[in-house]
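Quick notes on the structure that follows.
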Amino acid sequence: MSGYEKPSWGWGYCAPSPVLLLSLLTAAPLGLLGEETRQVSLKVISNWPDFSQNLLHIQAVGTNSTLHYVWSSLGPPAVLLVAANTPNSTLSVNWSLLLSSDPDGGLMVLPKESIQFSSALVFTRLFEFDSTNMSDAASRPPGKSYPPYSLANFSWNNITDSLDPATLSATFRGHPVHDPTGAFANGSLTFRVQAFSTSGRPAQPPRLLHSADTCQLEVALAGVSPRGNRSLFGLEVATLGPGPGCPSMQELHSIDDEYAPAVFQLDQLLWGSLPSGFMQWRPVAFSQKQGSRESAMPCQSSPLYPTLAYLLPQSPVVRAFFKTQNNFCAFNLTFGASTGPGYWDQHYLSWSMLLGVGTPPVDALSPLILGIMAVALGAPALMLLAGGLFLLLGHKRYSEYQSIN
């Protein structure tokens, strides 16, 4: 791995750039600037007759564009995001090529000349740390490292069984093929994917604002026996985009926490080409299914670092689409701190993110915050007005007083 920066742990370090966001808005083709609504369909593409090998294809068709999300559990869990500037874009899968040792061309989006943006995320490893003797919550790594779980060596359910057209969602549920310690005997790792035909917010925290140009992923670890008394878990995420460099990582801050109590930050990755793709999340995870302030735990991200393809578990879908392109970057997410709350509370954690194309959704100030600001700013003004009237009327009465002398 010489010549490349080693993985490091800590918070992302890029500040938000209004100029960059403005350039995304002004430079993107009109068909990809953002659709109010899209016609969304979910389809499972299976390798007949082996239905255990399947892909989830989410197609979101707008007036002048199509977004393709191809979720795969072949190898490590991965998602391919492709934006095309035509509503007639299609996905082509050649299973013989896709499952071969050289899958180049096994998955294509047609017509090729309509593709405006493409990127991929690969979820490669599940980390576990023992934070029992760690007093510094910000230390990296956050405790003694156990051997990581390679997600390429997981067995996943048939995605057809969890497909829900009503909510535009499906769930990948997996466990290690070889589990000598029985850690996953009563538990699993799940990736719940949900698409949206219009803008809105989920009912559960962190209630990320989504649009028709986005897709949401919720990662949950439930019922897995930890290898330490106070185990923290982490996730390695690799990304591949159209350019030679790594995406930029940004932190956006707000004074409003109505939708995610006590969380005033929004993190995001932006790929460099225009129109840009993005990944967006709040730096918070939850140790209970019903996410709340009491079960919220920090989610810390490392800076992005370039890495080589052969150092990562390989995704056939990514290799098939991007062919020989191998400019991967990776970063790590860590959920929780040694001080708690943590996974050990109920043997549960969940974390959510958005993936999309165009300008990332930005939270406006909520009505509650606007009301508080109006009261805070209006009260002093009313006091000044009342004081001025009091002085004016008091002076008038004094000037009308007639002396008895």
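The values are calculated or read from the model by the stated rules, or taken from the named source; none is laboratory data. All figures in this text were calculated on a predicted structure; none of them were measured in a lab. Reconstructed Cβ throughout: ideal geometry from the backbone, glycine too, with neighbour counts over all protein chains shown. These accessible areas exclude ligands, DNA and RNA; they are computed on the full protein's heavy atoms, side chains included. Shrake-Rupley method; radii C 1.70, N 1.55, O 1.52, S 1.80 Å.
Only one of the listed residues (Arg201, Arg207) is on the phi > 0 side of the Ramachandran plot and within 15 Å of the chain's Cα centre (by Cα). That residue is Arg207. Residues satisfying the criterion are present in the stretch 143-162 (criterion: closer than 26 Å to Met297 by Cβ, touching a Lys or Arg at 6+ places or on another chain (Cβ under 7 Å), touching a residue at least 12 places away in the same chain (Cβ under 8 Å) and open to solvent by 40 Å² or more (accessible area, probe 1.4 Å)). Taking Val109 as the residue in question, decide whether it is outside any loop (DSSP other than H, G, I, E, B), within 23 Å of Glu36 (Cα to Cα) and in contact with a His (Cβ under 7 Å, 6 or more places away or on another chain). For Val109, the condition - outside any loop (DSSP other than H, G, I, E, B), within 23 Å of Glu36 (Cα to Cα) and in contact with a His (Cβ under 7 Å, 6 or more places away or on another chain) - is not met. The combined condition, being in a helix (DSSP H, G or I), open to solvent by 20 Å² or more (accessible area, probe 1.4 Å) and out of contact with any Cys (no Cβ under 8 Å at 6 or more places or on another chain), is not fulfilled by Thr198. Scanning the stretch 279-336 for residues that are in a helix (DSSP H, G or I) and either aromatic (Phe, Trp, Tyr) or open to solvent by 10 Å² or more (accessible area, probe 1.4 Å) (or both) gives Ala309, Tyr310, Leu311, Pro316, Arg319, Phe321, Phe322.
In the stretch 72-106, the residue that is farthest from Ser46 (Cα to Cα) out of those that are assigned to a strand (DSSP E or B) and open to solvent by 10 Å² or more (accessible area, probe 1.4 Å) is Thr90.
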